[in-house]
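So the structure is just underneath, and the comments pick up after that.
The values are calculated or read from the model by the stated rules, or taken from the named source; none is laboratory data. What you see is a predicted model; the values in this text were computed from it and never measured. Cβ sites come from the backbone with ideal geometry, for glycine too, and all protein chains shown count toward neighbours. Side chains are part of the model used for accessible areas, which takes the heavy atoms of the whole protein and leaves out ligands, DNA and RNA. Shrake-Rupley method; radii C 1.70, N 1.55, O 1.52, S 1.80 Å.
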Amino acid sequence: MQEQLQKIKQEFLKGLVEIKDTLQLEKLENEFFSRKSGKINDVMQILKDLSVEAKKEFGVLVNEFKKDLEEKLAEKKAELANEKLGNLIETESIDVTQPKLPKVEPGHLHPMTIVHNELEDVFTSMGFMVLDGPELESDYYNFQALNIPVTSPARDTQDTFFIKDHANWVMRTQTSPVQVRAMQKYGAPLRAVVPGRCFRNEATDGSHEHTFYQLEGIVIDKEISIANLIGVMKELLQGVLKREVEVRLRPGHFDFVEPGFELDMKCLICGGSGCGACKHSGWVETLPCGLVHPEVIKAGGLDPKEWTGFAFGLGSMRLCMQKFGIEDIRHLHAGNINFLKQF
Ligand code: DAH
């Protein structure tokens, strides 16, 4: 029996030397240690037929033999694992001469998004809906429904981008068309704001852009007065600017309100002494507003004898400039990362 064990051991050790990978090792392990058909198991079968004394003696021997072979197997396993790790380190080594990857900084909101988010917060807290409208708008909604007929001189101040071969469609010059759309869709009473992009054929300068943002507002209810309008306008400015602002109200003409006003705010950039952002007047035209014209209420499908309202069209880019002290409107669309990083 001892001879047999010796033979198996030699066979095993010979096989072990030739092992190159874990697959071969597994095969060898199976060949010798398998419970069903392994060579060690075969030897153990002999034990069955031995006397009790002999069983004891050889049992110890076989166990030691098995332990010895198991240890050798474990050593080989560890050796292979180390080899694998070594290969991995070699193939995945770090190239210290490689240039450093640029640091990816977390993104942040554009100043205009910040301002619109704040405006929406102020208005939703007062029970307003936030609505959207099409940027490519029909001549009807952009002008006619707002009491600006085809012959109106008011159109001259709002020259815009017309769509070739589609004379009745324009890139909207204002967010006001959503006033009528909202009345038609939601009826009265109504409280809604409409932040959105507008377009005009403008020569650009420090305070004018051909593409700009407005926040339209409309309230329709019974017995709405100018006092209601002024109250909401004050809430709006304080909510976003978070400081005291000096305002003045001037009469203003807009075909879709009667009476109409221009609410100006003392320029926060120059403190009123005059700069590029306020066209060197010390005041910034911020909030044109007024009481909704009966013709517009009619276009919205409501009875102007029953319903009244106020509306305003905030130039939200100008408000953004005031809030953050931006002296030129063109910065807001320039996509200059050094500028945008400041917010
Ligand atoms: N839509 C006007 C413009 O872009 C601004 C405006 C004036 C809006 C008075 C209003 C308003 O709602 O009541 O020039």
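With every protein chain kept in the model, how would you rank W283, W169, W307 by accessible area, 1.4 Å probe, largest at the top? Present the calculation step by step, with values, prior to reporting the outcome.
Working: W283 55, W169 105, W307 35 Å².
Order by accessible area, largest first: W169, W283, W307.
Given a Förster distance of 25 angstrom, what is the FRET efficiency for A78 paired with D21, based on the Cβ-Cβ distance and rounded to 0.05?
0.95
Filter K14/K56; K39/K67; K39/K84; K14/K84; K7/K66; K185/K242 down to the pairs with a C-alpha to C-alpha distance above 25 Å, please. If you can, show how the numbers build up before the last one.
Values: K14/K56 29 Å; K39/K67 14 Å; K39/K84 29 Å; K14/K84 22 Å; K7/K66 13 Å; K185/K242 34 Å.
The answer is K14/K56; K39/K84; K185/K242.
May I ask which residue of G335, V240, F256 lies farthest towards the positive end of the charge dipole of the chain, with charges of +1 (Lys, Arg) and -1 (Asp, Glu) on Cβ and the Cα centre as origin?
Positive-most Cα among the choices belongs to V240.
What Kirkwood Rh does the stretch 218-303 have if only Cα atoms enter the pairwise 1/r average? Answer in Å.
Details: mean 1/r = 0.0704 Å⁻¹.
With all distinct Cα pairs of the stretch 218-303 included, I get 14.2 Å.
Which residues does the label zone of E105 cover in the stretch 306-343, counting backbone N under 20 Å from a point 7 Å along Cα→Cβ?
Label zone hits: 324-327, 331-343.
Cα to Cα, under 16 Å, and not fewer than 8 places away if on the same chain: which lysines meet these conditions relative to K279?
Filter leaves K266.
Suppose only helical runs count, i.e. DSSP H with n ≥ 4. What mean residue ellipticity at 222 nm does that imply for the chain under -39500 (n - 2.57) per run, divided by all residues and rounded to the nearest 500 deg cm²/dmol?
On the way: 12 runs with 146 residues, N = 343.
Mean residue ellipticity at 222 nm (helix-derived): -13500 deg cm²/dmol.
Express in nm, to one decimal, how much length is gained between E202 and F33 on full extension, taking 0.36 nm for each residue of separation and deducting their alpha carbon distance.
On the way: separation 169, 0.36 × 169 = 60.84 nm, distance 8.85 nm.
52.0 nm is the gain from fully extending E202 to F33.
The stretch 209-245 to the stretch 114-164: how many Å between their Cα centroids?
15 Å
About the Cα centre, and with charges only on the beta carbon of Lys, Arg (+1) and Asp, Glu (-1), how big is the dipole of the stretch 2-91? Nearest 20 debye, please.
Numbers: 17 positive and 19 negative charges, 57 e Å.
For the stretch 2-91, the charge dipole is close to 280 debye.
Which length gain, in nm to one decimal place, applies between Q144 and S281 when the Cα-Cα distance is subtracted from 0.36 nm times their residue separation? Present the calculation step by step, with values, prior to reporting the outcome.
Details: separation 137, 0.36 × 137 = 49.32 nm, distance 3.31 nm.
Full extension from Q144 to S281 adds 46.0 nm.
With unit charges on the beta carbons (Lys and Arg positive, Asp and Glu negative) and the dipole taken about the Cα centre of the stretch 2-91, which residue among I46, L88, F33 sits farthest to the positive side?
Of the listed residues, the answer is I46.
When the Kirkwood radius is taken over all Cα pairs of the stretch 87-219, what Stokes-Einstein diffusion coefficient follows at 25 °C and 0.890 mPa s, in µm²/s? Write out the running numbers ahead of the final one.
Numbers: Rh = 18.2 Å.
Translational diffusion coefficient: 135 µm²/s.
To the nearest 10 square angstrom, how much accessible area does F310 have with a 1.4 angstrom probe?
About 0 Å², rounded to the nearest 10.
Just to be sure I understand the model, the point goes 7 Å from the Cα along the line to the Cβ. What's the resulting T113 to L13 distance in nm?
7.2 nm
When the convex hull of the Cα atoms of the stretch 2-91 is projected onto a plane and the area is averaged over all directions, what value comes out in nm²? Could the numbers behind the result be given before it?
On the way: hull surface 24.4 nm².
Mean shadow area of the hull around the Cα atoms is 6.1 nm².
Is any helix in the chain, taking whole DSSP H runs, at least 15 angstrom long along its axis by alpha carbon and on average at least 0.0 on the Kyte-Doolittle scale, and which ones? All intermediate terms of the calculation are to be shown ahead of the outcome.
Values: long enough: 2-18 (25 Å, -0.81); 22-33 (16 Å, -0.43); 52-91 (58 Å, -0.64); 111-125 (21 Å, 0.03); 226-241 (22 Å, 1.32).
For the chain, where a helix must reach 15 Å along its axis and average at least 0.0, the hits are 111-125, 226-241.
Given just the C-alpha atoms of the chain, how large is their convex hull per residue in cubic angstrom?
Working: hull volume 109.8 nm³, N = 343.
Normalising the Cα hull of the chain by residue number yields 320 Å³.
Roughly how many debye, to the nearest 20, is the charge dipole of the chain about its Cα centre, given +1 on each Lys and Arg Cβ, -1 on each Asp and Glu Cβ, and no other charges? Can you show the working numbers first?
Values: 41 positive and 51 negative charges, 94 e Å.
Roughly 460 debye, rounded to the nearest 20.
Determine the gain in length on full extension of the stretch E306-A227; use 0.36 nm per residue of separation and subtract their C-alpha separation, reporting nm with one decimal. Could the numbers behind the result be given before it?
Details: separation 79, 0.36 × 79 = 28.44 nm, distance 1.91 nm.
Stretched out fully, the E306 to A227 stretch lengthens by 26.5 nm.
Please give the net charge around E29, taking every other residue with its beta carbon less than 10 angstrom from that of E29, where Lys and Arg add +1 and Asp and Glu add -1.
Working: positive: K27, K76, K77; negative: E26, E31, E70.
So the environment of E29 carries a net charge of 0.
Among the aspartates and glutamates, which have Cα under 12 Å from the Cα of K222 when same-chain residues fewer than 8 positions away are ignored?
Once the sequence-local aspartates and glutamates are set aside, what remains near K222 is D303, E306.
Set Lys and Arg Cβ to +1 and Asp and Glu Cβ to -1, take the dipole of the chain about its Cα centre, and tell me which of G315, V60, L5 lies farthest positive.
Working it through, the farthest residue towards the positive pole turns out to be V60.
Modelling each spin label as a point 7 Å along the Cα-to-Cβ direction, I'd like the K298/D132 distance in nm, to one decimal.
It is 3.3 nm.
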